[in-house]
Amino acid sequence: MRYNTLGRTDIKVSEICLGTMTWGSQNSEAEAHEQLDYAFDKGVNFIDTAELYPTTPLSAETYGDTERFIGEWLAKRGRRDDVVVATKVAGSGRPYIRNGGPITPEGIDEAVDASLKRLKTDYIDLYQIHWPNRGHYHFRNAWSYEPAKQNKAHVAADLQAILEKLGDVVKAGKVRAIGLSNDTAWGTMKLIDMAERHGLPRVASIQNEYNLLYRAYDLDLAELSHHEDVGLLAYSPLAAGLLTGKYLDGIRPTGSRLAINGDLGGRFTPHQEPAVAGYVALAREHGIDPSQLAIAFCLSRPFMASAIIGATSMEQLKTDLGAAGMTLSQDVMNGIRRLHRLYPMPI
C-alpha cells in the first residue's frame, strides 16, 4: 500500500480508501466491522463516510447509521490517531436532513456535532461539502447544467459564509482539514482564493466521480490539482460496479446495487455496454481482474490522492484491495487510450 499527502496538510492517506455507503442498508454492522478490520490489516488507514449514508436505498430510518457503525468500531479498536476519517455535510434535497434546505453555517455547526457524536470521536480528519448549493454537473447532470443562471453575488456570499464557518470548526479543533465533493474547477479555485486572502482553511481535496467511463477530471480539474496541490479522492472507480463486468448483457445479480436501484444512478444505459465490454476484454487479455484494472488505472493518475472502494462482500473487498501497488503495462495503458478515444463519455 502506498500513501499520499492530502493537499498541503500533514495528513497521509492510503492510496485506497475504504468507502462505506452500503453499511446500514446492504451491509450489517458486523459486516462493516469485518471489512474495516481486514482493510486496516492490509494497510488502509483512510475511511470515507457521510452523514447522508447509507444509500441503496437512502431513507430517514437509516440516516446516520453508517457513521454510527464506524463510531462503534473506532471505540472498540482504539488508536484513533492511526485512522484518517473523512465525512461530509449533506446539501439540499432530503426533507429529513435539516428540512431539506441548503448548506448553511448553522447547518454545518449542527452537522459537525452530530457526526462527532455518531463517530464517537473528538475530531474529524477531513470534513467535506457533499455537493455545492449552487448546482453542479455531477450525478449525470451534465446535460442540464446551466451555470449562467447562477446569481454571482449570492454564490460568492454563500461560499464566503460556508468557508468562514469551516474555519470556525477547524479553529475549535473539531476538524483538521476541509475538502469538497461533486464540485467544479471554478468552485474549488474560488474557495482557495478566498482562503488565501482571508486566512481561512484551504481546500485539501476534492471527491468527484472518476473511472474509465467518466473522466471529466482529466481536464481543468487535473490542471488545478497539479498547480494547487488539491488531490482527487475518486469515488465510483468501478462505475458503481459496471466495470466489474457483472452487469454485461443486462444481467442483474440478486442483491446487487443494480437490482436495488434500477439504473445505478443513471449510469446503466445502452451507451456503457460496448465500453464496459471493451475494458473487461482488455483486462482478461492481459490476465488482470477487470476490477483491479479499473482501480489500478485510477491509482496511476498523477492527481490521485486516493481511490475510494466500496464492497458488499469480503470477496469483493479482497479483489479491490489487490489493486494496491499494481503497475499497468504500457500495452494495457495503450489499450485504455484506444478505448477511451472510442468511448469518451459513455455514462
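Within the set G231, G287, the sole residue that is of a type in the set (G, A, S), surrounded by 20 or more Cβ atoms within 10 Å (Cβ to Cβ) and either over 22 Å from the mean Cα position of the chain (by Cα) or modelled with pLDDT of 95 or more (or both) turns out to be G231.
Determine, yes or no, whether V175 is modelled with pLDDT of 95 or more and surrounded by fewer than 22 Cβ atoms within 10 Å (Cβ to Cβ). No, not satisfied. The set of residues in segment 111-125 being under 20 Å from E61 (Cβ atoms) and open to solvent by 20 Å² or more (accessible area, probe 1.4 Å) consists of A114, K117, R118.
Does R94 qualify as being farther than 16 Å from H130 by Cα and not aliphatic (A, V, I, L, M)?
Values: farther than 16 Å from H130 by Cα: no; not aliphatic (A, V, I, L, M): yes.
Answer is no for this residue.
Evaluation of A294 against the conditions (1) out of contact with any Pro (no Cβ under 8 Å at 6 or more places or on another chain); (2) open to solvent by less than 20 Å² (accessible area, probe 1.4 Å); (3) modelled with pLDDT of 95 or more; (4) not basic (K, R) shows that the sole unmet condition is (1).
A quick yes/no check of all residues on (1) within 19 Å of the chain's Cα centre (by Cα); (2) closer than 15 Å to Q207 by Cβ; (3) in a loop (DSSP other than H, G, I, E, B); (4) not aliphatic (A, V, I, L, M):
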site: D10; (1), (2), (3), (4): no, no, yes, yes
site: S25; (1), (2), (3), (4): yes, no, yes, yes
site: Q35; (1), (2), (3), (4): yes, no, no, yes
site: Y38; (1), (2), (3), (4): no, no, no, yes
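Can you spot a residue in segment 254-261 that is of a type in the set (G, A, S) and at positive phi? Yes, segment 254-261 has at least one match. Among strands (runs of 3 or more DSSP E) entirely within segment 139-237, having at least 1 residues that are touching a Phe, Trp or Tyr at 6+ places or on another chain (Cβ under 7 Å), of a type in the set (V, I, T) and over 30 Å from R341 (Cβ atoms) singles out 175-181. Any idea which of S256, S306, S300, S236 is closer than 27 Å to M1 by Cβ and surrounded by fewer than 20 Cβ atoms within 10 Å (Cβ to Cβ)? Testing whether each residue is closer than 27 Å to M1 by Cβ and surrounded by fewer than 20 Cβ atoms within 10 Å (Cβ to Cβ) leaves just S300.
Per the conditions (1) out of contact with any helix residue (DSSP H, G or I) (no Cβ under 6 Å at 6 or more places or on another chain); (2) buried (at least 19 other Cβ atoms within 10 Å of the Cβ); (3) under 18 Å from D229 (Cβ atoms), the sole criterion not satisfied by P201 is (1). Would you be able to say whether some residue in segment 315-322 is in contact with a Pro (Cβ under 6 Å, 6 or more places away or on another chain) and β-branched (V, I, T)? There is no residue in segment 315-322 that is in contact with a Pro (Cβ under 6 Å, 6 or more places away or on another chain) and β-branched (V, I, T). For segment 66-102, a tally of residues being open to solvent by less than 20 Å² (accessible area, probe 1.4 Å) and among the charged types (D, E, K, R) returns 2.
The values are calculated or read from the model by the stated rules, or taken from the named source; none is laboratory data. Every value quoted in this text rests on a predicted model; they were computed, and no experiment measured them. Reconstructed Cβ throughout: ideal geometry from the backbone, glycine too, with neighbour counts over all protein chains shown. Calculation scope for accessible area: heavy atoms of the full protein, side chains included, ligands and nucleic acids excluded. Shrake-Rupley method; radii C 1.70, N 1.55, O 1.52, S 1.80 Å.
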